[in-house]
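Read-outs: derived from the displayed coordinates by stated rules, not from any lab. Everything numeric in this text was worked out from a predicted model, so none of it was measured. When we count neighbours, we look across all protein chains shown, and the Cβ atoms used for this are built from the backbone with ideal geometry, even at glycine.
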Amino acid sequence: MANVAIYYQKDGNESSEHAILDIKRLIQLLEIHHSIKGVFIDRNKESIQLMDLLSSPLSEIDFVYINNPINNEFDKELLNQLSRNENFKIKYFDDI
């Protein structure tokens, strides 16, 4: 069973209720064959929870599921570097 973390960055006008529904649907699909190790949700153009995710024990994570590509170049590069160093794969919600 693979260990996964979920990172969700809300769109500009997206309600919290909509974001939670999206995440719940994803969890229902993933929890059949995966162990969910954490869910991290940021507001639009924030990366506080992303930094919390990247500070967690990533060696225990096999996949990080993200709802949309990261727009901030620093955050994107940091995520890519850590994925190579810690051996986890980045997947998008659309990949399921």
Under 10 Å from the Cβ of Val4, count the other residues' Cβ atoms, weight Lys and Arg +1, Asp and Glu -1, and hand me the total.
+1
Relative counts (whole %) of C-alpha pair distances in the stretch 25-66, using bins that are 10 Å wide
23, 52, 24, 0
Lysines within cross-link reach of Lys45: Cα-Cα under 21 Å, excluding same-chain residues under 8 positions apart?
Lys10, Lys76, Lys91
FRET efficiency, Glu17 to Lys89 (Cβ-Cβ, R0 35 Å, nearest 0.05)
0.75
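Quick one: putting +1 on the C-beta of Lys and Arg, -1 on the C-beta of Asp and Glu, what dipole do you get for the chain around its Cα centre, in Debye to the nearest 20?
Roughly 120 debye for the chain.
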With just the Cα atoms defining each centre, how far is the stretch 1-19 from the stretch 38-96? Give it in Å.
11
Environment charge of His33, counting only residues whose C-beta is closer than 15 Å and scoring Lys/Arg +1, Asp/Glu -1:
0
Rounded to a whole number, what is D in µm²/s for the chain from Stokes-Einstein with the Kirkwood radius over alpha-carbon pairs (25 °C, 0.890 mPa s)?
182
